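The values are calculated or read from the model by the stated rules, or taken from the named source; none is laboratory data. Not measured: the values here are computed from a predicted model. Don't worry about glycine lacking a Cβ; one is built from the backbone with ideal geometry, like all the others, and counts go over all protein chains shown.
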Amino acid sequence: MIVAAFAGGAFGATIGALPAFAFTGVLVIAGEIVAISAGGETPTADITGTIAFGPMFGPHVSFGGGAAAVAYAVKRGYIEPEFVYHPAKYITAGLGTRLDILAVGGLFGVFGHLSMAGSELLSIPWDPVAFGVVISALAHRIAFGYTIIGTPQGGWFDMSPFQRAGAKSGVEPWLPHQYRWSRVAGLGIVVGILGAYIAFVTGSAFLAFGISAASLLYINAGVERIPVTHHMTLPASTAVIAVVPEAGSAAVPEVLAASLGLTEVFLLGAAFGLLGAILGEVAQRIAYAHAETHLDPPAASIVFTTLIIAGLSFLGIFAHAAWIPTP
């Protein structure tokens with residue numbers, strides 16, 4: 001597993017963190033199609049669990065390794081990308097084949113894997129993969145001498161310097177087209193409904209996440225104003241599964257349809273899509289906008305939304321925590 005994680009982190013470094021994550025999304029779609037085709041039976045191969053979220057292509061490995069590698073490369077003066085913000089946030093481009101960059105990506109891939117495995121072993125009730133992404137970003141900031149969460153010009157939530165002066169202000173929104181509260185909230189509601197519906201008709205908690213992640217290929221292709229939504233679709237889909245007692249960690253559509261109506265599905269999706277969107281924006285304003293490297297707002301959001309879903313299951317409001325580890 002360690003060797004696989006090293007290779008996965010180096011892979012993320014050489015092709016770039018965001019392309020690596022989009023590739024994860026493609027693998028999730030493939031894995032969920034295989035699982036859905038099994039009709040509730042155990043598929044012959046768990047592509048989603050062992051490949052897409054596994055020790056080679058999981059975002060805690062490949063994305064985390066790629067994000068660490070670009071932070072390292074900028075400190076070494078290897079790259080000065082044509083990027084209006086801090087160059088260590090430039091996660092859309094591959095970093096080539098320098099051996100030290102590949103080694104940094106590989107080492108942080110191992111770190112991400114061990115962080116995820118430790119969280120899973122302790123059954124901490126949140127998404128261990130998202131936790132691995134977040135803790136890896138904090139670790140690379142410390143390792144390479146960056147500030148941990150940055151220094152705001154005003155308050156942590158203050159984006160007005162960017163609104164007045166743009167990129168020259170030093171305040172760097174994660175997505176310039178996706179940071180205004182009202183627009184983020186509206187996007188979360190709409191995308192949450194889509195994620196919940198996909199889970200309802202397929203029984204998959206991860207297919208909508210995979211679609212959201214794979215859509216980021218458009219960002220790498222240069223298409224403007226593409227929203228980032230996987231932190232909205234994942235909690236929305238998971239909530240639909242978690243609320244049905246008979247569903248367990250996975251479900252077949254017939255089980256969900258016997259317990260839920262579309263109105264309930266849409267309300268759950270809207271609520272948890274909104275929650276994921278707002279928490280993602282909170283994370284970007286606190287841990288990204290004033291800092292020098294990429295700490296992933298969606299991953300931070302997913303840590304907290306999955307913790308909330310697990311908490312609702314502990315309180316008996318949800319039937320169980322779906323796929324989220326619980327003690």
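Brief remarks follow.
- Residues that are closer than 26 Å to residue 130 by Cα and either over 24 Å from the mean Cα position of the chain (by Cα) or modelled with pLDDT under 90 (or both) within segment 235-255 comprise 244, 245, 247, 248, 249, 250, 251, 252, listed in sequence order.
- Where helices (runs of 4 or more DSSP H) sit wholly within segment 1-118, those with at least 1 residues that are more than 18 Å from residue 133 (Cβ to Cβ) and among the polar types (S, T, N, Q) occupy 2-15, 17-37.
- Of the residues making up segment 96-136, those that are over 20 Å from residue 3 (Cβ atoms) and small (Gly, Ala, Ser) are 96, 119, 123, 130.
- Filter pass, residue 117 being modelled with pLDDT under 95 and either surrounded by fewer than 22 Cβ atoms within 10 Å (Cβ to Cβ) or out of contact with any Phe, Trp or Tyr (no Cβ under 7 Å at 6 or more places or on another chain) (or both): no
- Unmet requirement for residue 263, which otherwise passes all of (1) surrounded by fewer than 22 Cβ atoms within 10 Å (Cβ to Cβ); (2) under 20 Å from residue 188 (Cα atoms); (3) β-branched (Val, Ile, Thr); (4) in contact (Cβ under 8 Å) with a residue 60 or more places away in the chain: (4)
- The residues of segment 172-224 that are buried (at least 18 other Cβ atoms within 10 Å of the Cβ) and acidic (Asp, Glu) amount to a single one, 172.
- Pairs with Cβ under 8 Å, 6+ apart, first in segment 142-163 and under 12 Å from residue 287 (Cβ atoms) and among the polar types (S, T, N, Q), second part of a loop (DSSP other than H, G, I, E, B) and modelled with pLDDT of 80 or more: 147/291; 147/292
- Segment 221-237 - residue that is of a type in the set (A, V, I, L, M, F, W, C) and in contact (Cβ under 8 Å) with a residue 60 or more places away in the chain and, of those, nearest to residue 197 (Cα to Cα): 234
- Tally of residues being closer than 16 Å to residue 124 by Cβ and in contact with an Asp or Glu (Cβ under 9 Å, 6 or more places away or on another chain) across segment 276-327: 9
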